[in-house]
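Novice: Attaching a single structure in structure tokens format; questions to follow.
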Amino acid sequence: METSVLTQFKDLGAIAVLALAALGSGSGAGIAGMSAIGAWKKNFSQNKPASFMLVVFTAAPLTQTVYGMIVMRQMVAIANKGQYLWAVGVLAGTAIGLSAYWQGKCAAAACDAMGETGKGFGSYMVVLGMTETVALLVMAFTIMFLGIISG
């Protein structure tokens, strides 16, 4: 492969980690958002107050995009030195994105439960925090790995 063609793709791993994390965030927020809307509809149809706290559940998966961006910044610095690391970007981005996706599914269940009962916000946040932890660990370990291989 020509060097010029290869260098055209030097940032592929870096943008992949951001893009895949954002795909998971968007999917997770969308899933949770649909559940929040359903819970609000049910509350409105029963003339019950609708909890604005469901927005917190819906927004929870969005932080994984930030984690993807943090890893991306580290990868760009390494790509500028000539190490392209496409697989690192794809695998880390997929792991972070899946964390956001599953967090959105958990948030959807939390929206349903909170919309029905109006109780349990703290307990639901603990579960969302556990799924968030996976993305945080992937980010931290990927940055640690990037530090090791970049010298």
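Novice: For the condition free of Cβ contacts under 8 Å to residues at least 12 places away in the same chain, out of contact with any strand residue (DSSP E or B) (no Cβ under 6 Å at 6 or more places or on another chain), under 25 Å from LEU136 (Cα atoms) and not polar (S, T, N, Q), what is the one hit in VAL71, VAL66, VAL55?
Specialist: On the way: VAL71 fails: free of Cβ contacts under 8 Å to residues at least 12 places away in the same chain; VAL55 fails: free of Cβ contacts under 8 Å to residues at least 12 places away in the same chain.
So the residue among VAL71, VAL66, VAL55 that is free of Cβ contacts under 8 Å to residues at least 12 places away in the same chain, out of contact with any strand residue (DSSP E or B) (no Cβ under 6 Å at 6 or more places or on another chain), under 25 Å from LEU136 (Cα atoms) and not polar (S, T, N, Q) is VAL66.
Novice: Ok, one more. Can you pull out every residue in the range 1-44 that is among the hydroxyl-bearing types (Ser, Thr, Tyr) and touching a Ser or Thr at 6+ places or on another chain (Cβ under 9 Å)? Walk me through how you get there before you give the answer.
Specialist: Going through the range 1-44, the residues among the hydroxyl-bearing types (Ser, Thr, Tyr) turn out to be 3-4, 7, 25, 27, 35.
Passing the criteria: SER25, SER35.
Novice: Of all residues in the range 54-69 being surrounded by fewer than 20 Cβ atoms within 10 Å (Cβ to Cβ) and in contact with a helix residue (DSSP H, G or I) (Cβ under 6 Å, 6 or more places away or on another chain), which is nearest to THR131 (Cα to Cα)?
Specialist: Here the residue is LEU62.
Novice: Can I ask one more? Checking VAL66 against (1) out of contact with any Gly (no Cβ under 9 Å at 6 or more places or on another chain); (2) over 30 Å from PHE9 (Cα atoms), which single condition isn't satisfied?
Specialist: Going through (1) out of contact with any Gly (no Cβ under 9 Å at 6 or more places or on another chain); (2) over 30 Å from PHE9 (Cα atoms) one by one, VAL66 breaks only (2).
Novice: Under 8 Å by Cβ, and 6 or more places apart or on different chains, what pairs join a residue from the range 11-25 that is under 11 Å from VAL71 (Cα atoms) and at pLDDT below 95 with one that is part of a helix (DSSP H, G or I) and among the aromatic types (Phe, Trp, Tyr)?
Specialist: Here the result reads GLY13/TRP86, each pair linking the range 11-25 to a residue that is part of a helix (DSSP H, G or I) and among the aromatic types (Phe, Trp, Tyr).
Novice: Further, regarding this structure: Quickly run through the range 44-71 and pick out the residues that are part of a helix (DSSP H, G or I) and either among the acidic types (Asp, Glu) or under 15 Å from PHE121 (Cβ atoms) (or both).
Specialist: The answer is LEU54, VAL55, VAL56, PHE57, THR58, ALA59, ALA60.
Novice: Hey, does the range 79-95 have a residue that's of a type in the set (D, E, K, R), surrounded by fewer than 22 Cβ atoms within 10 Å (Cβ to Cβ), within 30 Å of VAL126 (Cβ to Cβ) and in contact (Cβ under 8 Å) with a residue 60 or more places away in the chain?
Specialist: no
Novice: Mind listing just one residue for me: the one in the range 103-122 that is without any contact (Cβ under 8 Å) to a residue 60 or more places away in the chain and assigned to a loop (DSSP other than H, G, I, E, B) and, of those, farthest from the chain's Cα centre (by Cα)?
Specialist: Taking the candidates together, the pick is LYS119.
Novice: If you take the residues in the range 10-52 that are surrounded by 16 or more Cβ atoms within 10 Å (Cβ to Cβ) and polar (S, T, N, Q), which one is nearest to LEU136 (Cα to Cα)?
Specialist: Checking each candidate, the answer is SER25.
Novice: So, one more: Residues of the range 135-151 being more than 15 Å from the chain's Cα centre (by Cα), more than 14 Å from MET72 (Cβ to Cβ) and part of a helix (DSSP H, G or I), which ones?
Specialist: Within the range 135-151, PHE141, MET144, PHE145, GLY147, ILE148, ILE149, SER150 qualify.
The values are calculated or read from the model by the stated rules, or taken from the named source; none is laboratory data. Just so we're clear, the structure is a prediction, and the values are computed from it rather than from any experiment. Here Cβ is always computed from backbone atoms with ideal geometry, including for glycine, and neighbour counts include all displayed protein chains.
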